[in-house]
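> Below is one structure. I have some questions about it.
The values are calculated or read from the model by the stated rules, or taken from the named source; none is laboratory data. Model, not experiment: these values are computed from the prediction. Glycine also receives a Cβ, built like all others from the backbone with ideal geometry; neighbour counts cover every protein chain displayed. Only protein heavy atoms, including side chains, enter the accessible area calculation; ligands, DNA and RNA are left aside. Shrake-Rupley method; radii C 1.70, N 1.55, O 1.52, S 1.80 Å.
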Amino acid sequence: MHIDSAVVPFGDRLWWIDESWGAISVDPLSERPELRFIPLPRGSVLPDLEGVVFMRKLQRYRRMGESEGKMRYIEVSKKKPYVVSSFSLDDGGSSWTLDHEVAFTTIWDDEPLKEMPAIGAIDPLNSHVVYLVCG
């Protein structure tokens, strides 16, 4: 795993994210802490890729965080129409459910994009809202 992002606290666990593969979590207060691995949703796992530059670029288009009391994973597709997909982790913490999927071109009609939109933030109070950065 290539972990170059901040630790995400969620529930009673701490989460370390690898945007190409998945997340490792642990309960830091447990007497016998056990690591738990959760792969990204099917179709999102990438082959073993090397390079800090690549991983930092990937972090712009994939993000994991909490919203409405659930762990969320958001990604933007690489090709036009730049589909924004939002997944939530089930209550058992073992699988992802696709909650929202929307083509960015249906949101953005003003002018053609010169590059794909990046994920700015996941709204912590409303799972229907993702802040995107364009340009």
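> Please verify whether the stretch 63-72 includes one or more residues that are hydroxyl-bearing (Ser, Thr, Tyr) and farther than 21 Å from LEU125 by Cα. Steps first, please.
Within the stretch 63-72, the subset hydroxyl-bearing (Ser, Thr, Tyr) is 67.
Narrowing further to those that are farther than 21 Å from LEU125 by Cα: none.
Within the stretch 63-72 (the criterion being hydroxyl-bearing (Ser, Thr, Tyr) and farther than 21 Å from LEU125 by Cα), the answer is no, since none of the residues qualifies.
> Can you name the residue in the stretch 24-59 that is assigned to a strand (DSSP E or B) and either of a type in the set (Val, Ile, Thr) or at pLDDT below 90 (or both) and is also most open to solvent (accessible area, probe 1.4 Å) among such residues?
Just the residues of the stretch 24-59 that are assigned to a strand (DSSP E or B), to begin with: 24-26, 36-39.
Checking which are either of a type in the set (Val, Ile, Thr) or at pLDDT below 90 (or both) leaves us with 24, 26, 38.
Details: ILE24: 41, VAL26: 19, ILE38: 6 Å².
If we take residues in the stretch 24-59 being assigned to a strand (DSSP E or B) and either of a type in the set (Val, Ile, Thr) or at pLDDT below 90 (or both), then ILE24 is most open to solvent (accessible area, probe 1.4 Å).
> In the stretch 80-96, how many are farther than 18 Å from VAL133 by Cβ and open to solvent by 30 Å² or more (accessible area, probe 1.4 Å)?
Taking the stretch 80-96 and keeping what is farther than 18 Å from VAL133 by Cβ, we get 87-96.
Pick out the ones that are also open to solvent by 30 Å² or more (accessible area, probe 1.4 Å) and you get 90-92, 94-96.
Matching residues across the stretch 80-96 total 6.
> Which of the residues belonging to the stretch 57-69 are of a type in the set (D, E, K, R) and either closer than 17 Å to GLY135 by Cβ or without any contact (Cβ under 8 Å) to a residue 24 or more places away in the chain (or both)? Don't jump to the end; show me each part of the working.
Step one: list which residues in the stretch 57-69 are of a type in the set (D, E, K, R), which gives 57, 60, 62-63, 66, 68.
Residues satisfying the conditions are LYS57, ARG60.
> State whether one or more residues within the stretch 115-133 are touching a Pro at 6+ places or on another chain (Cβ under 8 Å), over 18 Å from ALA23 (Cβ atoms), open to solvent by less than 40 Å² (accessible area, probe 1.4 Å) and modelled with pLDDT under 90.
Quick first cut of the stretch 115-133, residues touching a Pro at 6+ places or on another chain (Cβ under 8 Å) only: 132-133.
If we keep only those that are over 18 Å from ALA23 (Cβ atoms) as well, we get 132-133.
From what's left, open to solvent by less than 40 Å² (accessible area, probe 1.4 Å): none.
Within the stretch 115-133, not a single residue is touching a Pro at 6+ places or on another chain (Cβ under 8 Å), over 18 Å from ALA23 (Cβ atoms), open to solvent by less than 40 Å² (accessible area, probe 1.4 Å) and modelled with pLDDT under 90.
> Among the residues of the stretch 70-79 satisfying the criterion of being touching a strand residue (DSSP E or B) at 6+ places or on another chain (Cβ under 9 Å) and either part of a loop (DSSP other than H, G, I, E, B) or open to solvent by less than 40 Å² (accessible area, probe 1.4 Å) (or both), which is nearest to VAL130 (Cα to Cα)? Full working, then the answer.
At the first step, the residues of the stretch 70-79 found to be touching a strand residue (DSSP E or B) at 6+ places or on another chain (Cβ under 9 Å) are 70-77.
Subsequent filtering for residues that are either part of a loop (DSSP other than H, G, I, E, B) or open to solvent by less than 40 Å² (accessible area, probe 1.4 Å) (or both) retains 71-77.
Values: MET71: 14, ARG72: 11, TYR73: 11, ILE74: 8, GLU75: 10, VAL76: 11, SER77: 14 Å.
If we take residues in the stretch 70-79 being touching a strand residue (DSSP E or B) at 6+ places or on another chain (Cβ under 9 Å) and either part of a loop (DSSP other than H, G, I, E, B) or open to solvent by less than 40 Å² (accessible area, probe 1.4 Å) (or both), then ILE74 is nearest to VAL130 (Cα to Cα).
> If I ask for residues that are of a type in the set (Gly, Ala, Ser) and open to solvent by 40 Å² or more (accessible area, probe 1.4 Å), which ones from the stretch 9-23 would you list?
Initially, the stretch 9-23 is screened for residues of a type in the set (Gly, Ala, Ser), giving 11, 20, 22-23.
Of everything in the stretch 9-23, just one residue is of a type in the set (Gly, Ala, Ser) and open to solvent by 40 Å² or more (accessible area, probe 1.4 Å), namely GLY11.
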